[in-house]
Amino acid sequence: MSDIRVTVWNEFRHEKQHEAVRSVYPDGLHIAIAEGLKEHGITNVRTATLDEPDNGLPAEALAETDVLLWWGHMAHGDVADATVDRVQERVLNGMGLIVLHSGHFSKPFRRLMGTSCSLRWREAGEHERVWVVKPSHPIAQGVGPYFEVPQVEMYGEHFDIPTPDDLVFISWFQGGNVFRSGCCFHRGHGKIFYFRPGHETHPIYYQKEIRQVLANAVRWAAPAVSFENPYGMQKAINEKQALEPIQ
Ligand code: ZN
């Protein structure tokens, strides 16, 4: 697909309430994320935020989205269940979903995983080294054997997710923990990528390698083909034969 239609969704609450976040992302995390994609030639990008009508994701907007990126943290509970239903349905019908950082606890991700998605965490501005553990994967292209993120919030195992279909990154943290930081899943006809880095008080979405990974992930998660709904009652291909007893 040459012109992937992307929606970057952000709850957009921290930026309004906390100066420490606004100073890093003055226009909102979604704008920084969208700019990173545009740098990589993914230009058909719109943004949506929680406090817009229908949580920014009415059915028409989702119908025109090939890949949805999701950043949420403090307001997971404010996402309407009807929004979660719409996102889940679109993923099952082929939309790509990229869940960022604290989105591990978002309603859509937990719904699609079916597990608690709990993890260990620590806010200490630690150093993170993100190792590529599947170098042949499209999402790992262009970042070398590993890359560093200078200051992060730590997420540590155990991360209560189903075993990923593909594991692309594992992180090591200064404080000693490790974490499955880049996880691919398939649900129905849709692809899902969870990517760990991205705490709101650190300038992570401006970092070169992070932007490369997100652009790679959008291209990987975009539906490769369109197809007609193959489900429901089907007449026998040869109705007469279908009624004859098998010899
Ligand atoms: Zn965080």
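The values are calculated or read from the model by the stated rules, or taken from the named source; none is laboratory data. Bear in mind the structure is a predicted one, so any value in this text is a computation, not a measurement. Here the Cβ is made from the backbone with ideal geometry for all residues, glycine too, and neighbour counts use every protein chain on show. For accessibility, only protein heavy atoms count, side chains too; no ligands or nucleic acids. Shrake-Rupley method; radii C 1.70, N 1.55, O 1.52, S 1.80 Å.
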Among strands (runs of 3 or more DSSP E) entirely within segment 60-158, at least 3 residues that are open to solvent by 50 Å² or more (accessible area, probe 1.4 Å) occur in 120-132, 146-156
Please list, ordered by first then second residue, the pairs with beta carbon atoms under 8 Å, 6 or more apart or interchain, first in segment 151-168 and within 16 Å of the ligand (Cβ to nearest atom) and modelled with pLDDT of 95 or more, second part of a loop (DSSP other than H, G, I, E, B) and charged (D, E, K, R).
Tyr155/Arg196
Residues to consider are Val91, Val99; find the one that is of a type in the set (Val, Ile, Thr), away from the ligand (no atom under 16 Å from the Cβ) and either over 22 Å from Phe159 (Cβ atoms) or at pLDDT 95 or above (or both).
Val91
I'd like to know if segment 9-19 contains one or more residues that are within 16 Å of the ligand (Cβ to nearest atom), on the phi < 0 side of the Ramachandran plot and open to solvent by 60 Å² or more (accessible area, probe 1.4 Å).
yes
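So for segment 27-35 (the condition being at positive phi, surrounded by 21 or more Cβ atoms within 10 Å (Cβ to Cβ) and among the small types (Gly, Ala, Ser)), does at least one residue qualify?
yes
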Yes/no for Gly182 being under 12 Å from Ile210 (Cβ atoms), more than 16 Å from the ligand (Cβ to nearest atom) and within 16 Å of the chain's Cα centre (by Cα):
yes
Could you list, in sequence order, the residues of segment 169-179 that are more than 14 Å from the ligand (Cβ to nearest atom) and in a strand (DSSP E or B)?
Phe169, Ile170, Trp172, Val178
Yes/no for Ile192 being without any contact (Cβ under 8 Å) to a residue 60 or more places away in the chain, part of a strand (DSSP E or B) and within 25 Å of Arg111 (Cα to Cα)
no
Just to verify a result, which residue in segment 207-230, among those that are loosely packed, with under 15 Cβ neighbours inside 10 Å and either at pLDDT below 95 or within 16 Å of the ligand (Cβ to nearest atom) (or both), is nearest to the chain's Cα centre (by Cα)?
Ala224
Candidate set: segment 185-201, residues that are buried (at least 20 other Cβ atoms within 10 Å of the Cβ) and either within 12 Å of Phe169 (Cβ to Cβ) or over 14 Å from the mean Cα position of the chain (by Cα) (or both); chosen: the one farthest from the ligand (Cβ to nearest atom):
Phe193
Count, please, the residues in segment 168-179 that happen to be open to solvent by less than 50 Å² (accessible area, probe 1.4 Å), under 20 Å from the mean Cα position of the chain (by Cα) and not small (Gly, Ala, Ser).
3
